[in-house]
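The values are calculated or read from the model by the stated rules, or taken from the named source; none is laboratory data. Quick caveat, the model's predicted, so the values are computed rather than measured. Cβ placement follows ideal geometry from the backbone for every residue including glycine, while neighbour counts extend to all protein chains displayed.
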Amino acid sequence: MGELQQIDPVGKKVSTGKGTLDYDIFAVAMETVTNFFGNQKVQKYASVFQIF
């Protein structure tokens with residue numbers, strides 16, 4: 001998707017290195033790593049968030 005450069009809350013636009021996107025609702029989340037606490041079965045079958 002590109003690196004975030006600017007958020008325009010009045011115009012409801014987000015600018016990235018690849019262009020500008022319009023939005024209705026925008027949420028910013030920090031990157032994280034899922035911890036399965038060594039449970040291999042959960043790690044194998046769990047759904048985790050992906051980086052797009």
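Assorted remarks:
Each row is one residue, and each column tells you yes or no for (1) modelled with pLDDT of 85 or more; (2) of a type in the set (Asp, Glu); (3) under 17 Å from the mean Cα position of the chain (by Cα).
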| residue | (1), (2), (3) |
| --- | --- |
| VAL14 | yes, no, yes |
| THR20 | yes, no, yes |
| ASP24 | yes, yes, yes |
| VAL33 | no, no, yes |
| VAL48 | no, no, yes |
| PHE52 | no, no, yes |
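- Contact map, the range 24-36: first residue assigned to a loop (DSSP other than H, G, I, E, B), second residue at pLDDT below 80, Cβ cut-off under 7 Å, separation 6 or more or different chains; pairs are THR34/VAL48.
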